[in-house]
Each structure stands twice: as C-alpha cells, then as structure tokens.
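For reference, the structure discussed in these notes is given below.
The values are calculated or read from the model by the stated rules, or taken from the named source; none is laboratory data. Note that the structure is predicted; figures quoted are calculated from it, not measured. A quick note on method: Cβ atoms are made from the backbone with ideal geometry, for glycine too, and the neighbour counts reach across all protein chains shown. SASA here: full protein model, heavy atoms, side chains in, ligands and nucleic acids out. Shrake-Rupley method; radii C 1.70, N 1.55, O 1.52, S 1.80 Å.
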Amino acid sequence: MSTKVAIIASNGGLFDAYKVFNIATASAATDAEVAIFFTFEGLNLIHKQAHHQLPLPAGKEHFAEGFKNANIPSIPELVNMAQEMGVKIIACQMTMDVMNLKKEDFIEEIEVGGAVTFLDFAKDANVTLTF
C-alpha cells in the first residue's frame with residue numbers, strides 16, 4: 001500500500017505556496033499519492049495570473065532576493081513539477097462559485113470538485129496537512 005498525502009491549501013501568499021508545493025513534490029518524489037485541495041485564498045496558488053505574483057508577508061520582502069540567490073524554483077515551476085509528478089490538484093467548486101471564478105481562470109489540468117471530492121481522497125490518507 002502506498003502512502004497518501006492530503007493537503008488543504010487555504011492561504012494565498014508566497015510562503016504558503018512554497019510550503020504546499022515543497023511538501024507535495026517531496027511526497028510525490030517518495031512515490032506517495034498526493035492531492036491538494038485549493039480553497040479560498042489558496043486558489044491564488046493555481047490561478048493563471050495570480051500564481052506568478054504571490055505576495056510576501058509584510059516585512060519579509062527581503063526573502064524575494066533570498067529565494068532567487070538560493071536558486072529556489074519559482075511557484076509556476078514548482079506547480080509544473082508537481083503536475084509532472086502526478087500530484088492531483090483540486091480547485092474548490094464552492095469557493096470558485098462564491099468568487100465568480102471559472103476553470104479557465106486556472107492553470108491547465110486541474111480538477112474542480114467540492115469538499116466531498118477531497119474527502120474521498122483524504123479518508124484513508126496517511127498524512128493530512130493544512131496550509
């Protein structure tokens with residue numbers, strides 16, 4: 001039986017994106033089955049435009065240069081890596097409806113579903129994380 005990692009991404013800043021995609025790609029690299037459920041501000045992490053310009057927390061702007069100097073992949077690069085590694089990306093239908101967003105507003109190859117879609121995956125997950 002393989003390991004399953006279920007992640008809920010509900011925050012939309014740059015630090016949140018790195019947490020979510022670092023854990024997701026590290027888990028996928030160990031052959032774990034990984035799903036991320038993006039809801040509320042977390043949808044920014046997979047939004048076509050927003051994920052290119054995620055905000056840093058106030059007072060932490062100096063980290064932008066640190067990420068660059070350390071050769072850390074950008075969020076769009078990490079998203080692509082996660083998808084190539086088979087990470088399941090689920091956008092919350094309810095949040096999309098509330099925010100008047102359509103599937104076309106997001107990166108390619110996502111799944112749109114409700115909480116039940118995520119719960120079906122997460123019910124027997126070995127690890128469940130929220131960021």
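Scan region 26-48 and give yes if some residue there is open to solvent by 20 Å² or more (accessible area, probe 1.4 Å), of a type in the set (A, V, I, L, M, F, W, C) and either touching a helix residue (DSSP H, G or I) at 6+ places or on another chain (Cβ under 7 Å) or at positive phi (or both), otherwise no.
Taking every residue of region 26-48 in turn, at least one turns out to be open to solvent by 20 Å² or more (accessible area, probe 1.4 Å), of a type in the set (A, V, I, L, M, F, W, C) and either touching a helix residue (DSSP H, G or I) at 6+ places or on another chain (Cβ under 7 Å) or at positive phi (or both).
Collect the residues in region 71-111 that are over 21 Å from GLU33 (Cβ atoms), modelled with pLDDT of 95 or more, of a type in the set (A, V, I, L, M) and surrounded by fewer than 18 Cβ atoms within 10 Å (Cβ to Cβ), keeping them in residue-number order.
Hits for region 71-111 are MET94, VAL98, MET99, LEU101.
Hey, which of the strands (runs of 3 or more DSSP E) in region 1-117, taking only ones fully inside, have at least 3 residues that are under 24 Å from VAL127 (Cβ atoms) and either among the aliphatic types (A, V, I, L, M) or without any contact (Cβ under 8 Å) to a residue 12 or more places away in the chain (or both)?
4-9, 33-38, 88-92
Pick from LYS102, LYS88: which is among the basic types (Lys, Arg), within 23 Å of ALA50 (Cα to Cα) and under 15 Å from the mean Cα position of the chain (by Cα)?
Working: LYS102 fails: under 15 Å from the mean Cα position of the chain (by Cα).
Exactly one of LYS102, LYS88 is among the basic types (Lys, Arg), within 23 Å of ALA50 (Cα to Cα) and under 15 Å from the mean Cα position of the chain (by Cα), namely LYS88.
Just wondering, is there one or more residues in region 58-68 that are surrounded by 15 or more Cβ atoms within 10 Å (Cβ to Cβ) and closer than 15 Å to ILE7 by Cβ?
The answer is no, given that none of the residues of region 58-68 is surrounded by 15 or more Cβ atoms within 10 Å (Cβ to Cβ) and closer than 15 Å to ILE7 by Cβ.
Which one of the conditions (1) closer than 16 Å to ILE90 by Cβ; (2) surrounded by 18 or more Cβ atoms within 10 Å (Cβ to Cβ) does ASP16 fail to meet, given that it meets all the rest?
(1)
Among the residues of region 79-131, write down those that are of a type in the set (D, E, K, R) and closer than 18 Å to PHE21 by Cα.
Going residue by residue through region 79-131, those that are of a type in the set (D, E, K, R) are 84, 88, 97, 102-105, 108-109, 111, 120, 123-124.
GLU84, LYS88, GLU108, GLU109, GLU111, listed by residue number.
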